[in-house]
1. What number of residues within the range 130-160 are among the polar types (S, T, N, Q) and closer than 22 Å to Ala77 by Cα?
2. Considering the range 34-74 alone, what residues qualify as being open to solvent by 20 Å² or more (accessible area, probe 1.4 Å) and either part of a strand (DSSP E or B) or over 24 Å from Lys152 (Cα atoms) (or both)?
3. Being free of Cβ contacts under 8 Å to residues at least 12 places away in the same chain, over 20 Å from Thr38 (Cα atoms), open to solvent by 20 Å² or more (accessible area, probe 1.4 Å) and more than 16 Å from the chain's Cα centre (by Cα): is that true of Asp98 here?
4. Considering only the range 112-141, how many residues are loosely packed, with under 13 Cβ neighbours inside 10 Å, in contact (Cβ under 8 Å) with a residue 12 or more places away in the chain and in a helix (DSSP H, G or I)?
5. Can you pull out every residue in the range 150-160 that is open to solvent by 30 Å² or more (accessible area, probe 1.4 Å) and under 13 Å from the mean Cα position of the chain (by Cα)?
6. Among the residues of the range 115-133, what is the count of those that are more than 18 Å from Phe61 (Cα to Cα) and over 14 Å from the mean Cα position of the chain (by Cα)?
7. Of the numbered conditions (1) in a strand (DSSP E or B); (2) surrounded by fewer than 16 Cβ atoms within 10 Å (Cβ to Cβ), Gly78 satisfies every one except a single condition; which is it?
8. Going by the conditions given, is Glu109 out of contact with any helix residue (DSSP H, G or I) (no Cβ under 8 Å at 6 or more places or on another chain), on the phi < 0 side of the Ramachandran plot and either open to solvent by less than 80 Å² (accessible area, probe 1.4 Å) or assigned to a loop (DSSP other than H, G, I, E, B) (or both)?
Amino acid sequence: MASVLIAHAARRSAVHALRSSRPAFSSSLFTSSRLMSTYYTPAHEYCKVEGNVATIGITDFAQAALGDIVFVDLPEAGDEFEAKDSFGSVESVKAASDVYAPISGKVLEVNDALSDDPGMVNTGAEDAAWFIKMEMSNASELEGLMNEAQYKDHCEKEAH
C-alpha cells in the first residue's frame, strides 16, 4: 500500500511540475549544449555549429549598436574565406560595418531573404536573420572564439 501511495504522490508531483510555470528540468542542462555549439567573436559575429556546418551572422548586441539595418551585402555560395576575412557588410541609418568570418571555410548557403528585408537583422539577428552557412575547413579555429558566458562578459565590459 505504501508503494502505491508513493507512486501516486510522484505522479502528482510530475503533473504539478509540468503545469508549473517553472521548468521541471534545470535550464543549465539545455544551455550547456547550446554553449558547446555557439561561438562568438570580439567583433560581434556568432557561429552556430552543427556537425561541420557553421551558421554565421551578427549578434543581437551588434544589431542594437548599429540601429536600423537598411542594407546587407553578402557573398555568393561557393566563395571561400579564411578566418577573420571580411565576407560582407551591414549598413544602418547610423553606420556601415564589415562582417568577418569567424572561421575558415566555403560558403554553402546565403540568406537571400536579407536582400529583400535587411530589417530582419533587427528583429532576429541570431535566428532567422543569419547571414551565411559555411562548411568549416578547420574546426580547431573554434577554440579561439568565445563561448556564451565569455561573450556576455565581453559585451558588459564594452558597454561600460
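1. 2
2. Once the filter is applied, which keeps residues that are open to solvent by 20 Å² or more (accessible area, probe 1.4 Å) and either part of a strand (DSSP E or B) or over 24 Å from Lys152 (Cα atoms) (or both), the range 34-74 yields Tyr39, Lys48, Val49, Glu50, Gly51, Asn52, Val53, Thr55, Val70, Phe71, Asp73, Leu74.
3. no
4. Number of matching residues: 1.
5. Lys152
6. Within the range 115-133, the first condition is being more than 18 Å from Phe61 (Cα to Cα), and the residues that meet it are 115-117, 132-133.
Now drop any that are not over 14 Å from the mean Cα position of the chain (by Cα), which leaves 115-117.
Total meeting the criteria: 3.
7. Of the numbered conditions (1) in a strand (DSSP E or B); (2) surrounded by fewer than 16 Cβ atoms within 10 Å (Cβ to Cβ), the odd one out for Gly78 is (1).
8. Details: out of contact with any helix residue (DSSP H, G or I) (no Cβ under 8 Å at 6 or more places or on another chain): yes; on the phi < 0 side of the Ramachandran plot: yes; either open to solvent by less than 80 Å² (accessible area, probe 1.4 Å) or assigned to a loop (DSSP other than H, G, I, E, B) (or both): no.
Against the criterion (out of contact with any helix residue (DSSP H, G or I) (no Cβ under 8 Å at 6 or more places or on another chain), on the phi < 0 side of the Ramachandran plot and either open to solvent by less than 80 Å² (accessible area, probe 1.4 Å) or assigned to a loop (DSSP other than H, G, I, E, B) (or both)), Glu109 does not qualify.
The values are calculated or read from the model by the stated rules, or taken from the named source; none is laboratory data. This one's a predicted model, so the numbers in the text were calculated from it and none came from an experiment. Methodologically, a virtual Cβ is constructed for each residue, glycine included, from the backbone with ideal geometry; neighbour enumeration extends over all protein chains shown. In case anyone asks, the SASA skips ligands and DNA or RNA and just uses the protein heavy atoms, side chains included. Shrake-Rupley method; radii C 1.70, N 1.55, O 1.52, S 1.80 Å.
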